[in-house]
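Derivation of every value follows stated rules applied to the coordinates shown; laboratory data play no part. Bear in mind the structure is a predicted one, so any value in this text is a computation, not a measurement. FYI the Cβ positions are ideal-geometry reconstructions off the backbone, even for glycines, and counts take in every protein chain you see.
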Amino acid sequence: MLASTHTGAVTGIQGQIIRVEVDSAPGFPGLFMVGLPDSAVRESESRIKASLRNCALEFSWDRRITVNLAPAHLRKSGSAFDLAIAVALLSASGHQMPDPAGCLFLGELALDGSIRPVPGVLPILIEARARGFRRAVVPPANALEAGLVPGIEVRGASSLLSALQPGSEPVPAADLPSPRRSGDSLDLADVDGQSLARRALEIAAAGRHNLLMVGPPGSGKTMLARRLPGILPPPDSDEALAMTAIQSAAGMAPSALVSVRPFRAPHHTASAVSLVGGGSVPRPGEISLAHGGVLFLDELPEFPRATLEALRQPLEEGRLTVSRARASLEFPARFQLAAAMNPCPCGYRSDPVLPCRCTPTAIARYQARISGPLLDRIDLVVDVPRPEIVLSVRDTPARGEATADVRARVAAATRFAAGRRPARVEGALGGIDLDPSAAAALELAARTLGFSMRAVHRVARVARTIADLSARPRVERGAVLEALMFKGAQALTSCKTA
């Protein structure tokens, strides 16, 4: 007797629909599983046998049972196939089953017949909806996550017995994320002073530019970086669903749509694979988990050089392609890089109070850990000096602008940029309309400082963002000069010159 059900798997972060086919026929007794299953899938036989027995479900194992996981060329891994295989086995043995047509079964079976959660439910159901499926049975722990996908009726089943019945009410679809309030994130008002760094942070948020902060220990670099997601515009529904699907594929089991852009801060001992993704079984790395948000690399020169160099292509393309013998997988990685570093190994070069103890050779070796091509992809470099320490109440300086105020300006600049049309006039650089004096200033600086064409275009993009913050349709000379200051004249020079 032949029966079939459907389940799902995740390849990278892409959901795959797997058809489970079961053939029960006379012959040498045993269960034979085909379709490139890994050891976790093969071990499902023991889990299923114990589940059927403990749920008092009669099943005869004295026949030749073949289980095929299609498509056969795709390697199957994990335990999410247990429930679908058990349902197909019972259907093939003649049990009265609910109509499995158009239904997806996901879950790992425990020995007592209960159903345990599995990773990757959200991308699987997104693919299932695109393939025309309208129902899904999932573990209760995955029900809220599954309810994020509209258009699919989701039912939570706590055990194998409940999965075989029409069961409980469908899980309602989750609400879309609501706009953030000012109290939902760290406040920029907590950072005293650092007006130049705050300005760089605002420009970086408005144009999604990469940012490097250089300064001595304790100057506030990490505080500023952690407040960057708070001034970014909230994600729309498509962005929120994509970011949530990545978290689901990584096994983070989200219970609601992501409403705040992610902030990832891996330690400098992170390997290249953990940072960019991949591995023998390709998984998303930190740059994919930061998709749509911020990747913060503190102590940038302490990262292995090979790890940093692996960021170059994703920074340009917004995605990472992992090629293996059997398949080539693509991970989204459109993140905003924020980095921080000391100006020298001891951290006190150019500090007005503490003397630097580093030799010129040590400084040169420290700075050489960051390659020129990587620096070329960083749009804003800002000096974050030692802040003035004021403890007396009488002399306490006024608090800086709050996150809500800065976020409002960033949102206005984003709307202005979306409303203007790309320039198609003489003097435009990649769609960026520069007035003659601005173009002349940029050309002179590029020739003097030896900018690459990438650096020239990135300076123009920063200048365009500065103009957007002022609601100016054309980039003027002042915007270009400010962009040049952040690109290389002040902080970068103090960092690289011994």
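Need the C-alpha centroid separation for region 318-343 versus region 38-55, integer Å.
If we compute the Cα centre of each part, the gap is 37 Å.
Enumerate the amide H contacts of Ala157 below 5 Å, restricted to partners 5 or more residues apart or on another chain; note that Pro and chain-start residues carry no placed amide H.
The list, which skips near neighbours in sequence, is Val138.
Using 5 Å bins from zero, what percent of all Cα-Cα pairs in region 98-139 falls into each bin?
Reading upward from the zero bin: 6, 22, 28, 20, 16, 7, 1.
For His73, His268, what ranking results if the residue with the fewest other Cβ atoms within 10 Å of its Cβ goes first?
His73, His268
Quick one: what are the phi-derived ³J(HN,Hα) couplings along region 340-345, Karplus 6.51/-1.76/1.60 with θ = phi - 60°, whole Hz, x for glycine and proline?
Values, residue by residue: 9, 7, 8, x, 7, x Hz.
Taking H as built 1.01 Å from N, whose amide H comes closer than 5 Å to the amide H of Gly8, not counting residues under 5 places away?
When sequence neighbours closer than 5 places are left aside, the close amide H contacts are Ile18.
Out of the DSSP beta bridges found with both residues in the chain, what percent are antiparallel (nearest 5)?
Around 50 percent antiparallel, to the nearest 5.
Extending each Cα 7 Å along its Cβ direction at Asp38 and Glu388, get the distance between those two points in nm, one decimal.
Calculated label separation equals 5.9 nm.
Under 1.5 on a/c is rounded, so check that first for region 182-419, then, if it is not, pick prolate when a/b is larger than b/c and oblate when it is not; a ≥ b ≥ c are the square roots of the alpha carbon gyration tensor eigenvalues.
Oblate, because a/c is 1.5 or more while a/b does not exceed b/c.
Express the Stokes-Einstein translational diffusion coefficient of region 2-163 in µm² s⁻¹, to the nearest whole number, given a Kirkwood radius over alpha-carbon pairs, 25 °C and a viscosity of 0.890 mPa s. Walk me through the numbers on the way to the answer.
Working: Rh = 15.5 Å.
Rounded to a whole number, D works out at 159 µm²/s.
How much FRET efficiency would the formula 1/(1 + (r/R0)^6) give for Ala327 and Arg454, where r is the Cβ-Cβ distance and R0 is 30 Å, rounded to 0.05? List each step's numbers first, then the result.
Values: r = 31 Å, r/R0 = 1.05.
With a Förster radius of 30 Å, E is 0.45.
Quick check on region 182-419: of the DSSP beta bridges with both residues there, what percent are antiparallel, nearest 5%? All intermediate terms of the calculation are to be shown ahead of the outcome.
Values: 7 of 21 bridges.
Around 35 percent antiparallel, to the nearest 5.
How long is the gain from Glu317 to Arg75 if the chain were fully straight, where each residue apart is worth 0.36 nm and the alpha carbon distance is subtracted?
Here the segment from Glu317 to Arg75 would lengthen by 84.3 nm.
For region 261-301 and region 70-134, what is the centre-to-centre distance using only Cα atoms, to the nearest Å?
Result: 31 Å between the Cα centres.
Please name which of Ala441, Ala364, Met213 has its Cα lying farthest along the dipole of the chain towards the positive end, using unit charges on Cβ (Lys, Arg +1; Asp, Glu -1) and the Cα centre as origin.
Ala441
Over the alpha-carbon set of the chain, work out the extent along each principal axis and list the three values in angstrom, largest first.
On the principal axes, the chain reaches 84, 56, 47 Å in Cα extent.
Residues with amide H under 5 Å of Cys103's amide H, sequence separation 5 or more or different chain, H placed in the peptide plane at 1.01 Å from N; which?
Distant-sequence amide H within range of Cys103: zero hits.
Mind giving me the FRET efficiency for Asp238 and Ala130? R0 is 25 Å, r the Cβ-Cβ distance, nearest 0.05 is fine.
That pair, Asp238 with Ala130, gives E of 0.95.
Roughly how large, in nm² to one decimal, is the mean projection of the convex hull of the alpha-carbon atoms in region 338-391?
Average projection, Cα convex hull of region 338-391: 4.9 nm².
Count the lysine pairs in the chain whose Cα atoms lie under 29 Å apart, taking only pairs 8 or more positions apart in sequence or on different chains.
Number of lysine pairs found: 4.
Share of antiparallel DSSP beta bridges in region 211-352, in percent to the nearest 5?
40 percent
Run the simple label-point estimate for Ala412 and Arg53 please: 7 Å along Cα→C-beta, distance reported in nm.
Modelled inter-label distance: 7.2 nm.
Could you calculate the FRET efficiency of Gln165 with Ala270 from 1/(1 + (r/R0)^6), where r is the beta carbon distance between them and R0 is 41 Å, rounded to 0.05?
0.30
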